[in-house]
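Remarks on the structure that follows.
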Amino acid sequence: MFLSVFDIFKVGIGPSSSHTMGPMVAAERFLNDLRAGVDRIPGAGELHSISVTLYGSLAFTGKGHATDRAVILGLCGYTPQNLDPDKAEDIEKQVYEKGFIEPEGLGKLIFHPKSNLTFYYGKPLEGHANGMIIRAHDENGNNYYMQTYYSVGGGFILTEDELKGRDLPKKNKAPKEDEIPFPYPFNTAKDMLKMGQNSNSSIAKMKRANEMKRHGSALDEKIDHILDTMDQVVDRGLAQEGILPGGLNVKRRAKSIHEKLLAEKGNNFSNPHQINDWMSVYAIAVNEENAAGGRVVTSPTNGAAGVIPAVLRYYRDHCIGATRERQRDFLLVAAAIGGLIKHNASISGAEVGCQGEVGSAAAMAAAGLCAALGGTNEQIENAAEIALEHHLGMTCDPAAGLVQVPCIERNALGAIKAVSAASLAMRGDGSHFMPLDNCIEVMLQTGRDMNLKYKETSTGGIAVNLPEC
């Protein structure tokens with residue numbers, strides 16, 4: 001299965017790719033189905049209203065992740081790409097006041113968020129921990145059309161049929177990427193290394209060749225857009241102050257930490273480990289932006305959006321000989337590793353815990369940095385494995401369902417681990433005991449065995465062991 005660098009890295013909005021971006025995409029996709037003239041349920045009258053039910057993690061932590069707002073925005077026709085985050089609150093408020101939506105081409109449809117948007121706290125849907133059902137009704141309340149969606153991490157959405165691999169009607173089918181003859185169709189790290197050896201090609205070169213089949217000469221321009229957006233998010237996060245929304249009263253720290261680091265720059269008495277503070281502040285800046293509902297790049301999720309931009313900024317500003325070309329290689333290699341993890345395991349915190357989010361991001365960042373620093377394919381695979389291995393078992397237990405505590409600091413430590421993993425791998429020749437493929441399988445097994453309360457439900461761990469006020 002081919003996953004593009006632009007499937008892994010998507011410009012969107014916070015605070016969550018699975019709980020915010022995914023449901024927004026699902027709602028907008030549902031409207032497109034209605035516009036396409038889906039076959040209504042037999043006996044239904046005219047289209048009149050919409051209702052949405054959220055299940056599993058989308059219900060348990062939906063309010064903290066702004067899932068309700070995301071659904072409303074999606075039903076108003078917005079996507080993570082075309083929404084101005086600064087206008088989201090006003091758009092949501094208008095729907096609450098009016099009690100209806102007017103999506104383009106469908107007229108006025110009744111939708112009262114208080115009664116037509118339900119958080120169901122019972123048993124999750126069977127397909128995935130992040131499930132939702134959207135229904136269209138006629139004037140008598142009968143079902144007109146309904147669809148089940150699963151938000152499987154990183155902003156990816158699958159319907160019930162897609163999740164189960166069923167054949168869909170042609171009008172609903174997207175072109176199959178498998179039908180495109182990619183030059184290096186690797187689905188495992190083992191295959192990736194073998195193809196590299198047989199062709200005498202780097203991972204970055206193979207990934208670039210695959211991407212060129214889809215994006216052609218526009219590839220570098222699109223990669224640069226992702227790189228520039230990541231830089232902009234870091235810069236904006238470093239400039240902001242105040243309290244993050246949601247009720248935990250978490251204070252933004254990136255600006256003050258950055259100012260202290262700048263004041264100490266060139267100080268002969270500063271400690272060598274201060275470089276960890278630089279990596280941390282870059283990651284914190286991004287994740288504070290994400291927590292505030294700002295624009296970020298899903299990398300591979302929003303909850304882990306700070307790791308890769310932080311390591312990229314570390315490479316650009318602190319490593320000798322950094323170039324734009326190698327930054328592109330960084331993203332290509334990181335996407336290759338992210339694609340392997342998503343294809344063979346999961347990047348969803350609701351499915352496998354934070355090991356699938358920050359752990360995956362650290363593995364991707366370690367591989368990308370190793371490539372940018374001139375590492376061999378074998379060293380790159382080793383770097384990814386080291387970073388992922390030392391996140392195994394990490395729970396997803398956000399306080400109050402917000403992507404703040406412990407998520408922001410976890411990104412900082414994920415960036416530090418990624419750089420350490422890349423450096424350690426480059427001290428060796430790439431040979432090591434645990435293959436990346438096996439480590440990815442361990443992560444999946446660990447996630448399946450993990451208690452539900454540690455998988456983005458905010459019913460265990462840090463989420464229920466907060467200080468008494």
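Where a number appears in this text, it was derived from the coordinates with a stated rule and is not lab data. Keep in mind that this is a model prediction, so the values were computed, not measured. Reconstructed Cβ throughout: ideal geometry from the backbone, glycine too, with neighbour counts over all protein chains shown.
Placing pseudo-labels 7 Å out from each Cα toward the beta carbon at LYS164 and ARG427 gives an inter-label distance of 5.2 nm.
Each of LEU163, LEU388 was scored by other Cβ atoms within 10 Å of its Cβ. Arranged with the fewest first, they read LEU163, LEU388. The alpha-carbon of LYS190 sits under 16 angstrom from the alpha-carbons of these lysines, leaving out residues fewer than 8 places away in its chain: LYS207, LYS342.
Protection proxy ranking of 268-276, 241-249, by the mean of other Cβ atoms within 10 Å over each peptide's residues and highest first, is 241-249, 268-276. For ASN271 and GLU102, the FRET efficiency from 1/(1 + (r/R0)^6), where r spans their Cβ atoms and R0 equals 60 Å, is about 0.55. Based on Cα contacts under 8 Å between residues 6+ apart, region 189-464 shows a relative contact order of 20 percent. Looking at region 358-439, the trypsin sites (Lys or Arg not before Pro) that sit in a DSSP loop and have at most 16 other Cβ atoms within 10 Å of their own Cβ are ARG427. Relative to the first principal axis of the alpha-carbon coordinates of the chain, what is the inclination of helix 254-264, with its axis defined by its Cα atoms, in degrees from 0 to 90 and to the nearest 10? Taking the Cα atoms of the chain, the angle to 254-264 is about 20 degrees. Cα centroids of region 43-76 and region 367-436: 35 Å apart. Between ALA209 and GLN240, what's the calculated FRET efficiency when r is the beta-carbon distance and R0 is 35 Å? Round to 0.05. E between ALA209 and GLN240, to the nearest 0.05, is 0.30.
Could you tell me the relative contact order of region 17-166? Use alpha-carbon pairs under 8 Å, at least six residues apart, and round to a whole percent. Reported as a whole number, the value is 38 percent. Sorting CYS396, CYS407 from the fewest to the most surrounding beta carbons within 10 angstrom yields CYS407, CYS396.
Rounded, prolate or oblate: which one fits region 189-464, using the alpha carbon gyration tensor with axes a ≥ b ≥ c (rounded when a/c is under 1.5, else prolate when a/b beats b/c, else oblate)? Note, shape of region 189-464 comes out oblate. Within the shell of other residues whose beta carbon sits under 9 angstrom from the beta carbon of ASN287, the net charge comes to -2, with Lys and Arg scored +1 and Asp and Glu -1. Sorted on the mean count of surrounding Cβ atoms within 10 Å across their residues, most packed first, peptides 211-222, 129-140 read 129-140, 211-222. Under the simplified labelling scheme, the GLN445-GLN197 pair shows an inter-label distance of 2.4 nm, with each label point 7 Å from Cα along Cα→Cβ.
Across the options VAL419, ASN287, THR118, the greatest Cα extent toward the positive end of the charge dipole of the chain (unit charges at beta carbon of Lys, Arg, Asp, Glu) belongs to VAL419.
A simple charge model with +1 on the Cβ of Lys and Arg, -1 on the Cβ of Asp and Glu and nothing else charged puts the dipole of the chain at about 160 debye relative to its Cα centre. Taking a ≥ b ≥ c as the square roots of the eigenvalues of the alpha carbon gyration tensor, region 228-332 is oblate, as a/c is not under 1.5 and a/b does not beat b/c. On full extension, the segment bounded by SER217 and THR459 gains 82.3 nm, given 0.36 nm per residue less the C-alpha separation. Taking 0.36 nm per residue of separation and subtracting the current Cα-Cα distance, fully stretching the chain between ASP231 and GLU325 would add 32.3 nm. Counting only residues at least eight positions apart within a chain, or on another chain, the lysines with an alpha carbon under 20 Å from that of LYS260 are LYS251.
Region 1-18 and region 104-129 have Cα centres separated by 23 Å. Projected label points at MET434 and THR79, each 7 Å from Cα along the beta carbon direction, are separated by 3.9 nanometres. With the highest mean first, a sort of the peptides 9-16, 348-355 on other beta-carbon atoms found within 10 angstrom per residue produces 348-355, 9-16. As a rough footprinting exposure proxy, the listed residues VAL297, VAL311 were ranked by other beta carbons within 10 Å of their own, and the order from fewest upward is VAL297, VAL311. By definition, a body whose alpha carbon gyration tensor gives a ≥ b ≥ c is prolate when a/c is 1.5 or more and a/b is larger than b/c, and region 345-469 fits this prolate description.
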